[in-house]
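Undergrad: Below is the structure I would like to discuss, written out as structure tokens.
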Amino acid sequence: MLIIYFDTLTYSLCYCNLTYLILIKFSDFQSAPNSKAHGKSIPMKPPTQNIFVIVGAQWGDEGKGKITDFFAGKTDYVVRFQGGNNAGHTVIVNDETFKLHLIPSGVLYPNPVSIIGNGVVVDPKVLLAEIAGLQKRGVNPNLLVSDRAHVIMPYHIDMDIAITEHQGALAAGSTKRGIAPVYADKMYRHGIRMIDLLEPEIFREKLEKSYLFNKNLAEKSLGGKISSSIESIYADYLEYGKQLKKYIADISTILYNAKKAGKSILFEGAQGISLDVDHGIYPHTTSSNTAAGNMAAGCGVSFTKIDKIVGAAKAYVTRVGISPFPSEIEGEEAKSLRDKGNEYGTTTGRPRRVGWLDLVQLRQAVRVNGLTDIALIKLDVLNGFKKLPVCIAYDVNGKIITEMPASLSDYRNAKPIYRTLSGWDEFNVENGSDFSSLPKNILNYINFIENEVDCPITIVSVGPQRHQTVIK
Ligand code: GDP
Ligand code: IMO
Ligand code: MG
């Protein structure tokens, strides 16, 4: 990617590939300039921290991977801070598709260091496969994994199946990657961390407790089955530890020093606000805090000055898994939206449920995450719809609700109240278009959302590739 600076370093022309140009306002996303004096690097001014966070503003799969990749080329570090390989983030560059589950979406650039923070839960087998898959395609991940990150064990995956069965209608429809059981073991305080895989005696001591706990619970109480023996797990995971040793590091210290040096850091969230274990539609959630505030705990450094917190939101809504979904649509209209948007899960391949944009949900995303910006994604999928209903509130047994309730029965009874806006026809924004070149009805759609949720939409995505992005 060739970058030309002009206009006192305020704007950059990025040649994202040979064919397309995008004009990006870059002033708030640059490293502080340094000068060399007496052989020592002296900052010309105190380092300006460039901290940028991207989180999901709906039910996940909003396009966080694409937006992260779009910005990652100019950052020093790209950091995942929660979730695990329940995530599936798609990045398409020059018609090549990469599906990332654990490694941050900045990995396709040579410069940024990809970091998996302590708040992430790591399946080492999946991580090794992801590294090998990237290497096979010519990408050598510049990766570090927190020594404190908890490890997903085979019995967590068996337990995930057993608890989902047990929870019945209260289950979230998990991705069966062992997410709830591994976070539960962390909280029980018999979890296994990446560092333990490097210490055979400690690993054995912890594994015996954790294995037995899960085996008893799964087999005696839940009617499940733990498939692997403790001996095979012990041998396999020590081997994974050997293979991953070169990546395992004290992330907190590394990011603390990066912070002091004024390096730019991009945090990439996984899942979305409605899956947040506290603020989502509990218990139909994942088991981590997806909200931006979790980044400090999830990487071990507190950042007090954050430049941007961007909420990725689809221009409509999708949901993989089980929960009330007030603005869900069904039938032919749903099928047409699902097929047009190719709404099939990146991780499990499950068809995604689809619905109209829900501003009650987005309002909460703005509030809880402290969003400074919204990236509105997949606007192209709405091309050709004559009318676009937007859910502005819920009617719960005759009461109008404009903020996400805590009550599960409120969700079960919530009926969407729509405002219907006019749609737009096919349009083309490639070759460096800006907001002014978007169709009038898209601008109306954008303005309507901004006013309803009190947050500017400054990034618009109109296709899955890097260059199909418009910045305000
Ligand atoms: P994530 O989990 O939030 O990173 O999102 P996923 O990768 O699971 O799902 C988003 C899907 O939408 C992927 O297949 C992307 O390639 C695709 N996508 C992203 N942005 C756009 C867009 O603006 N338009 C279209 N049509 N597809 C997009
Ligand atoms: P990304 O990062 C969409 C959903 C599952 C299920 C619930 C709990 O790609 O946006 P879990 O396996 O975490 O115990 O499942 O959360 N879910 C996701 N849905 N995108 C994701 O990640 C998801 N990660 C988990 O479908 O309803
Ligand atoms: Mg996804």
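The values are calculated or read from the model by the stated rules, or taken from the named source; none is laboratory data. Owing to the predicted nature of the structure, the values given are computational and were not obtained by experimental measurement. Using ideal geometry, Cβ is built from the backbone for each residue, glycine included, and neighbour counts are taken over all protein chains shown. Surface accessibility is based on the protein's heavy atoms, side chains included, excluding ligands, DNA and RNA. Shrake-Rupley method; radii C 1.70, N 1.55, O 1.52, S 1.80 Å.
Undergrad: How much of the accessible area of the stretch 292-338, probe 1.4 Å, is carbon plus sulfur, in whole percent?
TA: 52
Undergrad: Within the stretch 259-359, what is the number of lysine pairs with alpha carbons under 16 Å apart, leaving out pairs fewer than eight places apart on the same chain?
TA: 6
Undergrad: Please label the shape of the chain as rounded, prolate or oblate, based on the square roots a ≥ b ≥ c of the eigenvalues of the alpha-carbon gyration tensor (a/c under 1.5 means rounded; beyond that, a/b larger than b/c means prolate, else oblate).
TA: Oblate shape, in that a/c is at least 1.5 and b/c is the bigger or equal ratio.
Undergrad: Then there is this: What net charge is computed for the residues neighbouring Phe448, neighbours being all others with C-beta under 15 Å from the C-beta of Phe448, Lys and Arg scored +1, Asp and Glu -1?
TA: Details: positive: Arg363, Lys387, Arg419, Lys440; negative: Asp358, Glu450, Glu452, Asp454.
After counting each charged neighbour, the total is 0.
Undergrad: From the phi angles alone, apply the Karplus equation (6.51, -1.76, 1.60; θ = phi - 60°) to the stretch 237-244 and give each ³J(HN,Hα) in whole Hz, x where the residue is Gly or Pro.
TA: Along the stretch 237-244, the couplings run 6, 5, 5, 4, x, 4, 5, 9 Hz.
Undergrad: For the stretch 97-241, which whole percent of the accessible surface, found with a 1.4 angstrom probe, sits on carbon and sulfur atoms?
TA: The C+S portion of the solvent-accessible surface of the stretch 97-241 is 54 percent.
Undergrad: Still on this structure: For every other residue with a beta carbon closer than 13 angstrom to the beta carbon of Asn94, add +1 if it is Lys or Arg and -1 if Asp or Glu, then tell me the sum.
TA: Details: positive: Arg137, Arg466; negative: Asp69, Asp95, Glu96.
Once positives and negatives cancel, what remains is -1.
Undergrad: Using the heavy atoms of the protein chains and a 1.4 angstrom probe, tell me the accessible area per residue for the chain in square angstrom. Before the final figure, lay out the partial values.
TA: Numbers: 19850 Å² over 472 residues.
On a per-residue basis, the chain sits at 42 Å².
Undergrad: What order, most packed first, do the peptides 349-358, 315-324 have when packing is the mean number of other Cβ atoms within 10 Å of each residue?
TA: Most protected by this proxy first, the peptides run 315-324, 349-358.
Undergrad: While we're on this one: How much of the DSSP bridge set in the chain is antiparallel, in percent, rounded to the nearest 5?
TA: Among the beta bridges of the chain, antiparallel pairing accounts for roughly 55 percent.
Undergrad: Convert each backbone phi in the stretch 131-139 into a coupling constant with the Karplus relation 6.51 cos²θ - 1.76 cosθ + 1.60 (shift: θ = phi - 60°), then list the ³J(HN,Hα) values in order as whole Hz, x for Gly and Pro.
TA: Whole-Hz 3J(HN,Hα) from phi for the stretch 131-139: 4, 4, x, 5, 4, 4, 9, x, 10.
Undergrad: Also, quick follow-up: What is the local net charge at Val139, summed over the other residues whose Cβ is closer than 11 Å to its Cβ (Lys, Arg +1; Asp, Glu -1)?
TA: Net charge in that neighbourhood comes out at 0.
Undergrad: Putting +1 on Lys and Arg Cβ atoms and -1 on Asp and Glu Cβ atoms, find which of Ile417, Phe427, Thr469 reaches farthest to the positive end of the dipole of the stretch 405-472.
TA: Value: Ile417.
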